[in-house]
1. Go through segment 114-132 residue by residue and tally those that are surrounded by fewer than 24 Cβ atoms within 10 Å (Cβ to Cβ) and at pLDDT 95 or above.
2. Working carefully through the options LYS109, LYS165, LYS160, find the one that is basic (Lys, Arg) and in contact with a Leu (Cβ under 9 Å, 6 or more places away or on another chain).
3. When the residues of segment 252-287 are filtered to those that are touching a Ser or Thr at 6+ places or on another chain (Cβ under 8 Å) and in a loop (DSSP other than H, G, I, E, B), which remaining residue is modelled with the lowest pLDDT?
4. Of the residues TYR111, TYR161, which single one is within 18 Å of the chain's Cα centre (by Cα) and at pLDDT 90 or above?
5. Which condition breaks for LEU340 when tested against (1) at pLDDT 95 or above; (2) under 29 Å from LEU232 (Cβ atoms); (3) not hydroxyl-bearing (Ser, Thr, Tyr)?
6. Exactly one condition in (1) in a loop (DSSP other than H, G, I, E, B); (2) surrounded by fewer than 17 Cβ atoms within 10 Å (Cβ to Cβ); (3) touching a strand residue (DSSP E or B) at 6+ places or on another chain (Cβ under 9 Å); (4) of a type outside the set (Phe, Trp, Tyr) is not met by GLY170; state its number.
7. Residues being touching a residue at least 24 places away in the same chain (Cβ under 8 Å), buried (at least 16 other Cβ atoms within 10 Å of the Cβ) and not in a strand (DSSP E or B): count how many of those fall in segment 299-324.
8. Does segment 358-370 include one or more residues that are over 25 Å from THR55 (Cβ atoms) and in a loop (DSSP other than H, G, I, E, B)?
Amino acid sequence: MIQSMNNSLSTSFAQLASAFMAVFLCSSCATAQVDATEAVYKKALDFTVEIKTSTLTPFSGDSAGTSRGAGFVIDKSRGWVLTNAHVVSRSPSRVEVSVRNGDFVLANKLYVDPYLDLALLEVGASVKNANNVSDAPLWCGDLPSVGHPVGAFGHPLGFKYTGTKGIISGVSNRHESELLQTDAPINPGNSGGPLISMSTGKVIGVNTSTVRGSQNTNFAVSMKYACTIINLLKEGKNPSPPKAPVVYYTDLDDRKILRVAKTFLAKDLLPLQADDVILEVGNKPGKIDNETQLFDKLRGQLDAIDLRVERAGKAVSVQGKLLVEDDLRNRTGVKASGVLFAVSGFRDIQDFTLPRVRAHFIEPGSLGSAAELQTGDYLEAIDDVVITNSEQLLPILQAAQKADKVVRLKIKRSGGNRSAFAYVDRLLKVANVSWLGPAPTVVGTSDFAQSPSPQKP
């Protein structure tokens, strides 16, 4: 009996000791996790920057005025900073960058990607010579798994150099593009800042967007695809994706299949056909699930493309080339009567029957506003002359201004539904004509490989 009681007491003491040790160890574990988190954010202070952008005349997708966001240093020796394209504006703009405890200095846009919403800036001496600045460690490999712990760092709502925590919630395949989804809180001011792996301290993505009204449904561009751009720029190559007038879709059962819905490619380019399923790029094997993966493999090699596709149930090889998409630093347009007219790129439109030139911005109180023009109006013709590009439009408006002329605009306007358009005529007094962007070099030609025929009303 006594022996039994002793054994029971021994067991109880052993259990208590084990419980105590578990609590102790758990507390130590928690302390270690806190210390690790603090170390990650402390390091982020040295590579995260603040960005201020001023835009006077915005193209579609940008806003007029001053905005702020975040970015991070990826190459201190070059003075390179990575951020979102929408942070620095896709339009001609003044961009300034500040490192921690530093003044704002002018930055140069080296590259603005038309597809991934990324921009590479060159800041110069303020970054190169700063003692408190270091390169961000980059995660350029495969995408992280769901549940991977991450932290978002930036300047949300004006609160500078703040961090939030969460996990990788998934990989979004919305509209055939691929983005990291995270529940780490992201707010205005976080855009362009680093999404950091809390287990490795490496930057895993670029904070990009959030779903309004959601419970922390946020998105970031994966560094896997950003690193492709960075490496090509270091090699002196153009990293822009293809100018590909091709519409893709996934199957109705949501299988990861990249299928060609329709194509407007010229015959001497890449001979894709409707219903082709794109399998892989010849010299970069591996299944392709979406357009982001395809473009990542095509960057830097658009002059010689070899695709494996499934056509009518058979695997075939398709060779050709594609034109490179414009670098958005070089957006051009014509400003007249307070209206910015400019070409819409393929990424701006979903319907190939739409005219190429549209009204991107209308100044309040301008002649264009008085003529009841609207932002988003597509310009079909001026005085029955079909307009196909900004370079063709410039001399027409210059001549009208010289003659002190009122012109008749044929406008194609959305009726509120993307597939419902109406034609309207507007009379515009032409004044204050100017060219926005680099000087025009080509007059009267279209930059489409094969432009759709303009539709008459």
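1. Final tally of qualifying residues: 1.
2. Details: LYS165 fails: in contact with a Leu (Cβ under 9 Å, 6 or more places away or on another chain); LYS160 fails: in contact with a Leu (Cβ under 9 Å, 6 or more places away or on another chain).
Exactly one of LYS109, LYS165, LYS160 is basic (Lys, Arg) and in contact with a Leu (Cβ under 9 Å, 6 or more places away or on another chain), namely LYS109.
3. First pass over segment 252-287, keeping only residues touching a Ser or Thr at 6+ places or on another chain (Cβ under 8 Å): 256-259, 272-274, 282.
Restricting the remaining residues to those that are in a loop (DSSP other than H, G, I, E, B) gives 256-257, 272-274, 282.
Details: LYS256: 73, ILE257: 83, LEU272: 92, GLN273: 92, ALA274: 91, GLY282: 88.
Ranking the qualifying residues of segment 252-287, first place goes to LYS256.
4. None of the others qualify; the one that does is TYR111.
5. Every condition holds for LEU340 apart from (2).
6. So GLY170 meets the others, but not (1).
7. Selection size over segment 299-324: 4.
8. no
The values are calculated or read from the model by the stated rules, or taken from the named source; none is laboratory data. All figures in this text were calculated on a predicted structure; none of them were measured in a lab. Every residue, glycine as well, gets a Cβ built from its backbone with ideal geometry; the counts of neighbours run over all protein chains shown.
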